[in-house]
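Worksheet for the structure shown next.
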Amino acid sequence: MTPLHDVRVLDLTNVLAGPFCCHQLAHMGADVIKVEVPGSGDLARQLGADPDLNERLMGVSFLAQNTGKRSITINMKSDQGKEIFKRLVRTADVVVENFRPGVMDRLGVGYEVLKHENASLVYCAISGFGQDGPLRNMPAYDQIIQGMSGTMSITGDGESAPLRVGYPMADTIGGMTAAFAISSALANRSDDKGCFIDVSMLEAVMATMGWVVSNYLVAGKVPEPMGNDNFTASPSGTFNTGDGLINIAANKQEQFEAVCDVVGRPDLKEDDRFKERQARLENRAALARELEDALLSKPANEWQAELNGAGVPSGPVLSVPEALAQSQISGRGLIGTFEEVEGAARDIRIARPGIKLDGQAIKTETPPPLLGQHTEDILLELGCSRDDINHFRNQEAI
């Protein structure tokens, strides 16, 4: 029994933050109904690295975040479409949207309207900057949020920063924050009263910056880009070896001393530049040079084994294909496969949330849907007749 097996979610979202949120809920067992624009649907259907899939409205960007969902197309600008949507809302537990603030209100289906259709409705609005404030109407994409959150300013090193993080982290953090808020709200619905959840991607990202933000707020330390170095400890970062890079995280005194012993430089433990934690931070570059001179004598995998054996966390720096090929990944069920997905005409592999429940990796059972694939089925569930459905089609309400 999955945690959200009795929850219905209406997913009105596009591209990534909202679909990622609802994908997490689908993996937890929710009945997620994707409400899409007739003819085009979620913009992500046209996005991704494979032009053929984009033409089929089954783009990789869509496939990655929409397994386990059903798709219904509703024309929300049509009066009949709005009535169909309200009827669907009466059966739902959650509505998720990521339009700009005010769009749903202008359509006549905002929270103030929908809560009269369903008093226990959990309504989640995901936006770039939140539902109020001077930037509420400013358009926002992932890269805009990365820049305005300060993330780019600390990504890279002194020569390369500011840099964008190499995947849409603001979207995924915003979506994960929304999924957490929705799950929490559902857990607290004992009084049968719903709520309005306002998720700002900008605030969600800044909330995850933790020590970086706190070092400034509490200690007055302005964060700086430090490349692959860990600003809290040394030696902790990326180092050259005989055949490539290795990450070493010697955050404790005993770990630093173990590194010195493993690489054959016990003398560094008594060097005044490195003996104490603060001294190592102040002489980080000099310590890295001393250690890399020794690390160049062996390949990364040998150093990894020796360092981990001595209690020092270390690991390789992998490409994405190399990371996916690790037995640790294949053995835990992170990657799911759907065979001969309709509309894509091929097998599709996707990444699951990386959660196990009672020893089993959570997973969705159905592949990403075709645009409007379940429209008729869902309307029949609502009690509509086939004549009703034909009428809705003729009126372009669905």
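Each value in this text was obtained by applying a stated rule to the coordinates, not by laboratory testing. Not measured: the values here are computed from a predicted model. Using ideal geometry, Cβ is built from the backbone for each residue, glycine included, and neighbour counts are taken over all protein chains shown.
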Neighbours of Ala288 by Cβ distance under 14 Å: Lys/Arg at +1, Asp/Glu at -1, summed charge -2
Rounded to one decimal in nm, the spacing of the 7 Å Cα→Cβ label points at Leu245 and Glu117 is 5.0 nm
With +1 on the Cβ of every Lys and Arg and -1 on the Cβ of every Asp and Glu, the dipole magnitude of the stretch 236-317 about its Cα centre, in debye rounded to the nearest 20, is 240 debye
If His23, His116, His374 are placed from fewest to most neighbouring beta carbons inside 10 Å, the sequence is His116, His374, His23
Within the set Leu307, Leu370, Leu53, GNM on the chain using Cα springs under 10 Å gives the largest fluctuation to Leu307
GNM of the chain, Cα pairs under 10 angstrom: of Asp142, Asp105, Asp387, the biggest fluctuation goes to Asp387
Here P(r) for the stretch 1-109, Cα-Cα distances in 5 Å bins, as whole percents, is 3, 13, 21, 24, 19, 13, 6, 1
Ranking Gln65, Leu371, Cys195 by how far each Cα lies towards the positive end of the charge dipole of the chain (+1 on Lys and Arg Cβ, -1 on Asp and Glu Cβ), the top one is Cys195
The answer for chymotrypsin sites (Phe, Trp or Tyr not before Pro) in the stretch 118-205 that fall in a DSSP coil and have at most 16 neighbouring Cβ atoms within 10 Å is Tyr141
With -39,500 (n - 2.57) per DSSP H segment of 4 or more residues and division by the full residue count of the chain, the 222 nm estimate, nearest 500 deg cm²/dmol, is -10500 deg cm²/dmol
Any chymotrypsin sites (Phe, Trp or Tyr not before Pro) in the stretch 234-300 that lie in a DSSP loop and have at most 10 other Cβ atoms within 10 Å would be none
Summed over the other residues with a beta carbon less than 12 angstrom from that of Gly227, with K and R at +1 and D and E at -1, the charge totals -3
Ranked on Cβ counts within 10 Å of their own Cβ, fewest leading, Trp303, Trp211 go Trp211, Trp303
In the stretch 117-267 the DSSP beta bridges are antiparallel at a rate, in percent to nearest 5, of 45 percent
By the Kirkwood definition, with r running over pairs of different Cα atoms, the stretch 236-317 has a hydrodynamic radius in Å of 12.3 Å
Candidates for P(r) over Cα pairs in 20 Å bins from 0, in percent are (i) 25, 54, 21, 0; (ii) 23, 47, 24, 5, 0; (iii) 31, 58, 11, 0, and the calculated one carries label (ii)
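Counting other Cβ atoms within 10 Å, keep those with at most 14, restrict to DSSP loop, and tell me which GluC sites (Glu not before Pro) in the stretch 299-366 are left.
Counting only loop positions with at most 14 other Cβ atoms within 10 Å, the GluC sites (Glu not before Pro) in the stretch 299-366 are Glu342, Glu365.
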Ranked by GNM mean-square fluctuation in the chain (Cα springs under 10 Å), the top entry among Leu291, Leu334, Leu63 is Leu291
Given the candidates Ala361, Gln146, Ala397, the one whose Cα lies deepest towards the positive end of the charge dipole of the chain, counting +1 at each Lys or Arg C-beta and -1 at each Asp or Glu C-beta, is Ala397
Stokes-Einstein D for the stretch 278-398 (20 °C, 1.002 mPa s, Kirkwood Rh from Cα pairs), in µm²/s, comes to 105 µm²/s
